[in-house]
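Note sheet for the following structure.
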Amino acid sequence: MLTDFWTWILDLGNSKTVALLIFFTTFVGIVIYVYSSRKRSERLESYRYMPLMDEDEADKRVKAAEASQAKGEK
């Protein structure tokens, strides 16, 4: 029975389906992890425009986000 299962997975057509299912469930898991916590999603949203900011402004936002995260953990 186990050899039949591995033979089925190793078939080229079936392995693509299995890989698609694995990658899709991983993607959905990451999305749920990122957006499940309001604090985490707010922190990640604050990083959205970081490449367009000046260095001083970016440093201030990173420090503020780290400080708010540290307060939430305590």
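Quick notes on this structure:
- Asp56 meets the stated requirement of being part of a helix (DSSP H, G or I), modelled with pLDDT under 80, at negative phi and loosely packed, with under 11 Cβ neighbours inside 10 Å.
- Near pairs, Cβ below 6 angstrom, 6+ apart or cross-chain, from the range 40-51 (farther than 18 Å from Ala70 by Cβ) to any residue that is among the small types (Gly, Ala, Ser) and surrounded by 11 or more Cβ atoms within 10 Å (Cβ to Cβ): Met50/Ala58
- Qualifying residues in the range 32-42 (those that are in a helix (DSSP H, G or I) and surrounded by 10 or more Cβ atoms within 10 Å (Cβ to Cβ)) - the one modelled with the highest pLDDT: Tyr33
- Any hit, the range 47-62, residues being under 12 Å from the mean Cα position of the chain (by Cα) and not charged (D, E, K, R): no
The values are calculated or read from the model by the stated rules, or taken from the named source; none is laboratory data. Note that the structure is a prediction, hence the values are computed from the model and not measured. A quick note on method: Cβ atoms are made from the backbone with ideal geometry, for glycine too, and the neighbour counts reach across all protein chains shown.
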